[in-house]
Amino acid sequence: MMFKDEILVNERRGKIYACIKRNPGLHLRQIQRILNIPLASLQYHLNYMSRRKIIFEEKSESYTRYYCEVLEPKDNKILSVLRQKRLREILLLVLINKKVKSQTIVKTLNLSPSTISFYLNHLVKNNILERTKVGYENIYTLKEEDRIEKILIAYQPSFMDKMVDKWASTWLETSLVKDQTNQENTEPDKR
């Protein structure tokens, strides 16, 4: 039986593994675009490493996504959603605004109401968003905001998205301010 280091000595497998490690949750075509490796060769090496438990596959409705380590199923689902540009944009809008109407998302992303409705239904069905009816409007909120924030921060570089970068820098700034305020409030008065 070969060990992980021996398997990754192969240059192509080493590149594929490094790509997946930097960008967990990518699917076949995304890896192929990044590395510019022929599809048949890429499939061979992914299957080879998967059979030997060097990488792990997660099959969803339409994609097989690849990871170098096993994540919690909920984290896999969130990361899978965040890998899709439009779904990521919707989640970031909800994350920034806390509560969002579907019409706000339609106007902000400049997409048709039916397209937004499709995406929102997908996110609700996958327990990522929660829908609350207020009058004639649906209001959307995140079900697990803290978990989504952690995943966005942990995998921020792999998204290559300016919107994620802006959110992450704002989030870090507000977290630092909160930490400083908490420290000042907990220090004993030295008078």
Taking N as its residue count, the alpha carbon Rg of the stretch 27-87 over 2.2 N^0.38 Å: 1.14
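Let me know the shape class of the stretch 1-113, please: from the alpha-carbon gyration tensor, a ≥ b ≥ c as square roots of the eigenvalues, rounded when a/c is under 1.5, otherwise prolate if a/b is greater than b/c, or oblate.
Because a/c hits 1.5 or more and a/b exceeds b/c, the stretch 1-113 counts as prolate.
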Based on the mean of other beta carbon atoms within 10 Å per residue, what is the order of 17-29, 142-154, most packed first? 17-29, 142-154
Measure up K74/K143; K21/K99; K59/K98 against 23 Å on the Cα-Cα distance and list the ones that go over. K21/K99; K59/K98
Once phi is turned into θ = phi - 60°, what whole-Hz ³J(HN,Hα) does the Karplus curve with 6.51, -1.76 and 1.60 give for every residue of the stretch 109-123, x standing for Gly and Pro? 8, 6, 10, 5, x, 5, 5, 5, 4, 4, 4, 5, 4, 4, 5
Highest to lowest packing among 113-123, 31-41, scored as the average C-beta count within 10 Å: 113-123, 31-41
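Counting other C-beta atoms within 10 Å, and keeping those with at most 14, which DSSP coil GluC sites (Glu not before Pro) do you find in the stretch 1-78? Mind showing how you got there, number by number?
Details: sites: E6, E11, E57, E58, E61, E69; in loops: E61, E69.
Within the stretch 1-78, the qualifying GluC sites (Glu not before Pro) (loop, at most 14 other Cβ atoms within 10 Å) are E61, E69.
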Count charges around V70 for me, please; just the other residues with Cβ under 15 Å from its Cβ, Lys/Arg as +1, Asp/Glu as -1. +3
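Just so you know, all these numbers are worked out from the coordinates, no wet-lab data involved. Just so we're clear, the structure is a prediction, and the values are computed from it rather than from any experiment. For neighbour counting, all protein chains shown are included, and Cβ atoms are generated from backbone atoms with ideal geometry for every residue, glycine included.
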